[in-house]
1. Is the shape of region 31-88 rounded, prolate or oblate, going by the alpha carbon gyration tensor and its root eigenvalues a ≥ b ≥ c, with a/c under 1.5 for rounded and a/b larger than b/c for prolate?
2. Per the Kirkwood treatment, what hydrodynamic radius in Å, one decimal, follows for the chain from the mean inverse distance over all distinct Cα pairs?
3. Considering only DSSP beta bridges where both residues belong to the chain, give the percentage that are antiparallel (nearest 5).
4. So if each residue of separation counts as 0.36 nm, and I subtract the Cα-Cα distance between residue 111 and residue 27, what length gain in nm does that give?
5. Using only Cα atoms, locate the centre of region 83-118 and the centre of region 2-73, then give the distance between them in Å, rounded to an integer.
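The numbers here are math on the coordinates, done by the rules we state, and not lab data. A quick note: this is a predicted structure, and the numbers were derived from the prediction, not measured.
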């Protein structure tokens, strides 16, 4: 079974809508206790209703290639910190954006071979 990361949010509906409508996640599991777990490929992220919002950490969406990064930048440029750039230190192509809770979202592709996931 894959792992997953949970974040508390004060506005679960708006946050879930952002990840499904703008980043292409799908609802994987709705928990009666007030958590929605979303899935995009092998990434599982859960958002749980709470009195405070957690914004520490980065949700990174890894895509196939630079064209996919550029396409998502076109869709998210209104919330992006800047255009995609090459990060020589990690040999990736990336940009950062901010979700409705103020959490950092990174869109990236690896520019080098990677081992299979799973």
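1. The shape class here is prolate.
2. On the way: mean 1/r = 0.0671 Å⁻¹.
Roughly 14.9 Å, rounded to one decimal.
3. Given both bridge residues lie in the chain, the antiparallel proportion sits at roughly 70 percent.
4. Details: separation 84, 0.36 × 84 = 30.24 nm, distance 2.92 nm.
Going from the current span to full extension adds 27.3 nm.
5. About 15 Å separates the Cα centre of region 83-118 from the one of region 2-73.
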